[in-house]
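Questions regarding the structure given below will be posed in turn.
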Amino acid sequence: MLTLNRCSPLIQSLTLFMATVLLAACATGPTGLLRPNGVVVAPDGSLYVMDRGNYRIVHLSATGQWLGAFGQLGTEPGHIYSGWDIDLDAAGNVYICNQVRAEEGASHFRDGLEVFSSTGQFQHTIGAQTYAYDDEDINAPYGLDIDEQGRVYVADFDGDAIRVFSPQGELLARLDGGANQFGDPTDVAVDDQRQLLYIADPFNSQVHQFSLNLTETGQLTATHQLSLGSYGREPGQFAYLQNLVVDDASGRLYVSDMANRRIQVFDHQGQYVAQFAAPGNWQAMGLDLGPDGAIYAADAFNNVIWVFEPDGRVRQRVEVRS
């Protein structure tokens, strides 16, 4: 397995970068965003945003008009303690990664996914229960993606694994990092057309591609195809990559290269294509694609959503408007 010295330049730069971000974060009012971690585009063009600093999910029009919010701070089902990525299923239900941290060896509460209807009614949890530190369905979920069949793929950061669930929450498969040369994954993306799985591996500064296979007995398996990236600031290199999204039509993979303050683009063969960024200082987090190929990026530094044209030009800066 690839390893990384925790005193490496990556860790040092990441520590300084995150300290700067935390100092810059400030409250933005009852309807503003605070450290948004994820964004997903609904079929009607509206946006659901994981508003992590305010412990809620915010629903906005495509232009930022306030449509509502749901969720509140807590550790019980239907509450949000530390929300990360966000996605929608075909029925419009909203899935979020939710973390509740505690001392190692203590009892944790409800690390897993919270599922809500499109209007905010709590539905159920996935992989969330009271558990001992190393004995649970999901240990620190950071990223998720839902495929065309409704299967839910979860990047399990502390568990060094990708876990796959049915829409009802049944564990279907587990891809372990130790056996597949990745660790501490922060996101996962599925290319349904090519049956490819991508995994964000920030501490090794790589993205890993696996082919997905469904056996005759219904078992889902994954086979490593390639890994791309290394630590650095050149094209094709990463400094704490965070989130992924893949365009099924073109096969292009978009990567939020957070500490380098950019989004990088690769083809399905792992070749570097392009990079683009918002103006000034920003923190690229969760990504999604619109039906016209536009790229949406949550900016946890400026508390906005950026919309980019398919060629990388800035189309819009979406700020909350009451």
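Quote to one decimal, in nm, the extra length available between A91 and E234 on full extension: 0.36 nm per residue of separation minus the C-alpha distance between them. Before the final figure, lay out the partial values.
Details: separation 143, 0.36 × 143 = 51.48 nm, distance 4.07 nm.
Full extension of this stretch gives 47.4 nm more.
Please say if region 220-311 is rounded, prolate or oblate, where rounded means a/c under 1.5 for a ≥ b ≥ c the square roots of the C-alpha gyration tensor eigenvalues, and otherwise the choice is prolate for a/b larger than b/c and oblate otherwise? Walk me through the numbers before you get to the answer.
Details: a/c = 1.76, a/b = 1.28, b/c = 1.38.
In terms of gyration-tensor shape, oblate.
Let me ask another. So, with +1 on the Cβ of K and R and -1 on the Cβ of D and E, and no other charges, what is the size of the charge dipole of region 34-318 about its Cα centre, to the nearest 20 debye?
On the way: 16 positive and 38 negative charges, 198 e Å.
In total the dipole reaches around 960 debye.
For region 34-318, what is the relative contact order in percent, using Cα pairs closer than 8 Å and at least 6 residues apart in sequence?
Values: 816 pairs, mean separation 33.7, N = 285.
Normalised by residue count, the contact order of region 34-318 is 12 percent.
Next question. With a Förster radius of 30 Å, plug the Cβ-Cβ distance of R194 and R321 into 1/(1 + (r/R0)^6) and report the FRET value to the nearest 0.05. Intermediate results must be reported in sequence, preceding the final value.
Details: r = 39 Å, r/R0 = 1.29.
According to the calculation, E is roughly 0.20.
Once the dipole of region 34-318 is set up with Lys and Arg at +1 and Asp and Glu at -1 on Cβ about the Cα centre, which of G68, T223, L88 lies farthest towards its positive end?
Projecting each Cα onto the dipole axis, the largest value belongs to G68.
Computed from the coordinates by the stated procedures, all read-outs in this text should not be read as laboratory data. All figures in this text were calculated on a predicted structure; none of them were measured in a lab. Backbone-built Cβ (ideal geometry, glycine too); neighbour counts: all protein chains shown.
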